[in-house]
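> Mind looking over this structure? Questions follow.
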Amino acid sequence: MRLDKFLADMGYGSRKEVKQLIKKGLVTVNGQVIKSDKAQVLETQDTVCFEGEPIVYQSQFYYLLNKPAGVISATVDSYEETVLDLFSEEAFREDLFPVGRLDKDTEGFLLITNDGGLAHQLLSPKKHVEKEYYAQVEGIMTAEDQKTFAKGIKLDGEWTLPAELQILNVDEEETRSEIKLILHEGKFHQVKRMVQAVGKEVVYLKRIRMGGLSLPDDLALGEYRELTPEELAKLQERG
Ligand code: URA
């Protein structure tokens, strides 16, 4: 690939900006200063350095974001803050996007990547990748609800796949319940609509797992970090 594309891809600036850096002699390829932006490099073999620092080429990026409430699962929006607005200038890339959607008021696990193939695998209804949610509910969730969810529910004329409902806690006095719910698909507002279908209301919702990867405890709300190779492998296994 062209040297200017290599540098632009790795976040050193726009194509125009990196051309200037190359012209200034700040870039070496295999130890040689290269001043032509048209020079070709083999991204996995050549050693490209900027001001003496080697640059490891990476074409695909995977971030796990602990989405806070109040931001929308989109890339750009004129009015609302998006999940990509949470990214620093260094980490931000135009081609990043969230894999699937969490509602504006939902928190938790959101993968942000530029890997369309993995996104497709994780979202395809045929793959049935598990998504696990923790929710607080207004109302008492019952063993009957567990059976109903296990059979699947008709939402606006369309059946959901069977879902596993775990009742973590029931507060009879406050008429509140805490649940975990495992879904094998991702219909619009699915958790909220399933709970509504059994006569109760979700008042707090957080996604805590997707496929084989759980939201790490040490990732605070609003924070994101790159997936480790092991974490990525866990996502790909089940994807
Ligand atoms: N189900 C919902 O109702 N909302 C979400 O954000 C995710 C799943």
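The values are calculated or read from the model by the stated rules, or taken from the named source; none is laboratory data. None of the values given here were measured: they were computed from a predicted structure. Glycine gets a Cβ as well: all are built from the backbone with ideal geometry, and neighbour counts include every protein chain shown.
> Could you check how many residues of segment 191-211 are without any contact (Cβ under 8 Å) to a residue 60 or more places away in the chain and either polar (S, T, N, Q) or more than 12 Å from the ligand (Cβ to nearest atom) (or both)?
Number satisfying all stated conditions: 2.
> Sort out which residues of segment 117-137 are of a type outside the set (V, I, T), closer than 18 Å to K180 by Cβ and buried (at least 21 other Cβ atoms within 10 Å of the Cβ), and write them in order of number.
Answer for segment 117-137, where residues must be of a type outside the set (V, I, T), closer than 18 Å to K180 by Cβ and buried (at least 21 other Cβ atoms within 10 Å of the Cβ): K131, Y133, A135.
> Next question. Of the conditions (1) touching a Lys or Arg at 6+ places or on another chain (Cβ under 9 Å); (2) assigned by TED's automatic domain parsing to the domain that holds G116, K23 fails just one. Which one is it?
(2)
> Next question. Within segment 95-143, restricting attention to residues that are under 15 Å from Y204 (Cα atoms) and of a type in the set (V, I, T), which residue is farthest from the ligand (Cβ to nearest atom)?
This residue is I140.
> Taking interchain pairs and intrachain pairs at least six residues apart, which have beta carbon atoms under 7 angstrom, with the first residue in segment 90-105 and surrounded by fewer than 16 Cβ atoms within 10 Å (Cβ to Cβ) and the second in a strand (DSSP E or B)?
K104/I72
> Return yes or no: is T44 surrounded by fewer than 16 Cβ atoms within 10 Å (Cβ to Cβ) and at pLDDT 95 or above?
Criteria not met by T44.
> Looking for whichever is farther than 17 Å from L122 by Cα and in the same structural domain as Q121 (by TED's automatic domain parsing) here; the options are E164, E174, E226. Which one fits?
E226
> Could you go through segment 228-238 and let me know if any residue there is within 30 Å of Y62 (Cβ to Cβ), in contact (Cβ under 8 Å) with a residue 60 or more places away in the chain and among the β-branched types (V, I, T).
no
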